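S.K.: This is the structure I want to talk about, given as structure tokens.
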Amino acid sequence: MAAQSKTFSIQSVNPTVACLILTALTVVGVLISLGSKNPLWIILLMLPAVVYELYRTEPGASTKFSSILLLVILILEIGLLVFGIHYDLAKFLNTDQQYIAGYSIPLGDVQIFGPLVTAILSAILVFRTYGTYTKWLSVIIALGSLVAVYIINPVFFQEALKLIIRGLFNQLSYSI
């Protein structure tokens, strides 16, 4: 009798278990980041949730693209944080805000821009995806991103939160 070899495949993972593990990982990232005042931890520990979100998101009107963009922005943000790159986008673009994906986003240090955009994209995904698990992942990514924004700049966090809440109300009015 030949021994059966078990190979791992992402399809064999129970989505509920995967989401619970990814949620726990994100919570650990939040706690370490808040304790150390370093946003890199939440960004790194949120990365698996973003990868699984990309895997789970079905191609649709902007949903797959938004998931890909989430991953790209998160990877770029890791680079900015690891190498300590700071650059004022407002000065460079000669404007205090930029219109992106239907939202007027305040500009500032490039390090805050990544988590802000990931929070907005994941909040949009909550309303544009149909699956329970993709919605779940979008919520934990949005919350983790907001924590990163808070750690980078607590004052800017207040403006970002207002922007996201306005966007959520706009999305709710479209879906009702």
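The values are calculated or read from the model by the stated rules, or taken from the named source; none is laboratory data. Note that the structure is a prediction, hence the values are computed from the model and not measured. No Cβ is skipped: glycine too gets one built from the backbone with ideal geometry, and neighbour counts run over all protein chains shown.
S.K.: Select, from Gly29, Gly60, Gly35, the only residue that is surrounded by 19 or more Cβ atoms within 10 Å (Cβ to Cβ) and either modelled with pLDDT of 95 or more or farther than 16 Å from Ala119 by Cα (or both).
M.R.: Working: Gly60 fails: surrounded by 19 or more Cβ atoms within 10 Å (Cβ to Cβ); Gly35 fails: surrounded by 19 or more Cβ atoms within 10 Å (Cβ to Cβ).
On inspection, the qualifying residue turns out to be Gly29.
S.K.: Consider Leu80 carefully, then state whether it is surrounded by 13 or more Cβ atoms within 10 Å (Cβ to Cβ), free of Cβ contacts under 8 Å to residues at least 40 places away in the same chain and either on the phi > 0 side of the Ramachandran plot or of a type in the set (A, V, I, L, M) (or both). Break it down into steps so the answer makes sense when it comes.
M.R.: On the way: surrounded by 13 or more Cβ atoms within 10 Å (Cβ to Cβ): yes; free of Cβ contacts under 8 Å to residues at least 40 places away in the same chain: yes; either on the phi > 0 side of the Ramachandran plot or of a type in the set (A, V, I, L, M) (or both): yes.
Yes; evaluated as a whole, the condition is true for this residue.
S.K.: Moving on to the next point. Out of Ile105, Ile124, Ile120, report the one residue that is β-branched (Val, Ile, Thr), assigned to a strand (DSSP E or B) and buried (at least 16 other Cβ atoms within 10 Å of the Cβ). Show your work before the answer.
M.R.: On the way: Ile124 fails: assigned to a strand (DSSP E or B); Ile120 fails: assigned to a strand (DSSP E or B).
The match here is Ile105.
S.K.: Residue by residue through the stretch 24-53, note down the ones that are free of Cβ contacts under 8 Å to residues at least 60 places away in the same chain and polar (S, T, N, Q).
M.R.: Ser36
S.K.: Looking only at the stretch 54-68, decide whether some residue is part of a helix (DSSP H, G or I), in contact (Cβ under 8 Å) with a residue 40 or more places away in the chain and of a type in the set (Gly, Ala, Ser). Steps first, answer last, please.
M.R.: Filtering the stretch 54-68 down to residues part of a helix (DSSP H, G or I) leaves 54-56, 63-68.
Next, only the ones that are in contact (Cβ under 8 Å) with a residue 40 or more places away in the chain stay: 55-56, 63, 66-67.
Next, from what is left, pick out any that are of a type in the set (Gly, Ala, Ser): 66-67.
The answer is yes, given that some residue of the stretch 54-68 is part of a helix (DSSP H, G or I), in contact (Cβ under 8 Å) with a residue 40 or more places away in the chain and of a type in the set (Gly, Ala, Ser).
S.K.: Sticking with this structure for a sec: Only residues that are surrounded by fewer than 23 Cβ atoms within 10 Å (Cβ to Cβ) and either of a type in the set (Gly, Ala, Ser) or outside any helix (DSSP H, G or I) (or both): list them for the stretch 130-150, please.
M.R.: Residues satisfying the conditions are Tyr130, Gly131, Ala142.
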